[in-house]
1. Please build a GNM for the chain, connecting alpha carbons under 10 Å apart, and tell me which residue among Lys105, Lys125, Lys73 fluctuates the most.
2. About the Cα centre of region 73-169, what is the dipole size in debye to 20, counting +1 per Lys and Arg Cβ and -1 per Asp and Glu Cβ, all else neutral?
3. Which lysines have a Cα less than 16 Å from the Cα of Lys4, not counting those fewer than 8 places away in the same chain?
4. Please compute the modelled spin-label separation between Leu78 and Gln63, points set 7 Å along Cα→Cβ, answer in nm with one decimal.
5. Using label points projected 7 Å from each Cα along Cα→Cβ, tell me how many nm separate Trp108 and Gln41, to one decimal.
6. Between Leu6 and Lys129, 0.36 nm times their residue separation minus their Cα-Cα distance comes to what?
7. Which residue, Gln138, Gln41, Gln18, has the most motion in a Gaussian network model of the chain that connects Cα atoms within less than 10 Å?
8. Any of Lys27/Lys110; Lys15/Lys52; Lys27/Lys60 with alpha carbons more than 27 Å apart? Name them for me.
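The values are calculated or read from the model by the stated rules, or taken from the named source; none is laboratory data. The structure presented is a predicted model; accordingly, all values stated were derived computationally and were not measured. With ideal geometry, Cβ positions are generated from the backbone for all residues, glycine too; neighbour counts draw on all protein chains shown. Note: areas computed on protein heavy atoms with side chains; ligands, DNA, RNA excluded. Shrake-Rupley method; radii C 1.70, N 1.55, O 1.52, S 1.80 Å.
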Amino acid sequence: CSIKPLLKDVTCILKLLQNNVTNYHDKRRVWTNVSNFWVIQNNRPVTERIEKINNAQKAKTVQTFDFSTLYTKIPHHLLKGALEKIVDFCFEGGNSDGIYIENGKAFWRKPKRGEYRTYTKVDIKKVLKFVMNNAYFQVNSQVFQQVIGIPMGSDPAPFIANLFLYFYE
């Protein structure tokens, strides 16, 4: 993919933003005893919670839901809007003017002169729009532009999905 290096940077940036949102809600939960962020990185928290419920013998029913088509049906204008709001939220009250990418990791800091892989809040919003507007896929010899849904298979797709669903929780 011609924009693969950019997608790697976007992935690093969105991972940093997701970590910021997680940290914010972890601290908020201490004060309010309410959890407002439900993104998990693996199945351990789910299996631990099920085990706790089973040990207490309090479960009456179990329900599961299929999200397999959810990600392919999200309108791009909603996706872009949600990501812009999350970028704004993460930059609020910070002491940084940008995010710097180094060795596959993103860091908050004020950009130094000559650092070419530093993204400001405006840059990040532009890059996210660019990535969404330039998602293409090929089936046999035909090329299609993806105009709805998360660009699945791209590096930042899991973070885009997590942050979008968080925004609408």
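1. Lys73
2. 240 debye
3. Cross-link targets: Lys105, Lys129.
4. Spacing of the two 7 Å Cα→Cβ label points: 1.9 nm.
5. The two pseudo-label positions are separated by 1.8 nm.
6. Once the chain is fully extended between Leu6 and Lys129, it gains 43.0 nm.
7. Per the Cα network of the chain with a 10 Å cutoff, Gln41 tops the list.
8. Pairs exceeding 27 Å: Lys15/Lys52; Lys27/Lys60.
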